[in-house]
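All of the numbers you see were taken from the coordinates with simple rules; none came from a lab. Note that the coordinates shown come from a computational prediction; the quantities given were computed from them, not determined experimentally. Here the Cβ positions follow ideal geometry from the backbone for every residue, glycine too, while neighbour counts run over all protein chains shown.
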Amino acid sequence: MLKVEFDEERCKGCELCKAACPKGIIVMADHLNSMGFYPATVIDQDSCISCAFCARMCPDVVITVRREEKNHG
């Protein structure tokens, strides 16, 4: 399961999420979206700690962060 997902078609490539990521795993894609921007993407989902700093910084609300559920049993 992906921990972080970007709605690439709505991303304006502002890089605020990239600056906010404490793990440095957000990069700008090497392709353009339909609006002509290089969208943000995560290069290493396994290193993501689901802190959601990226999602809080996004002015266009294009980032979804999921936390892994812990089994209590």
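Considering only residues that are farther than 16 Å from Thr64 by Cβ and either touching a residue at least 40 places away in the same chain (Cβ under 8 Å) or part of a helix (DSSP H, G or I) (or both), which ones fall in region 1-15? Matches in region 1-15: Lys12, Cys14. Restricting attention to region 53-65, the residues being closer than 20 Å to Glu9 by Cα and surrounded by 12 or more Cβ atoms within 10 Å (Cβ to Cβ) number 9. When region 30-51 is filtered for residues that are under 10 Å from Lys12 (Cα atoms) and not aliphatic (A, V, I, L, M), the ones remaining, listed by number, are Asn33, Gly36, Phe37, Tyr38, Pro39. Within region 8-26, if we keep just the residues that are in contact with a helix residue (DSSP H, G or I) (Cβ under 7 Å, 6 or more places away or on another chain) and farther than 14 Å from Val62 by Cα, the residue that is surrounded by the fewest Cβ atoms within 10 Å (Cβ to Cβ) turns out to be Pro22. Going through region 16-60 one residue at a time, which ones are free of Cβ contacts under 8 Å to residues at least 12 places away in the same chain and under 16 Å from Glu5 (Cβ atoms)? Passing the criteria: only Asp46.
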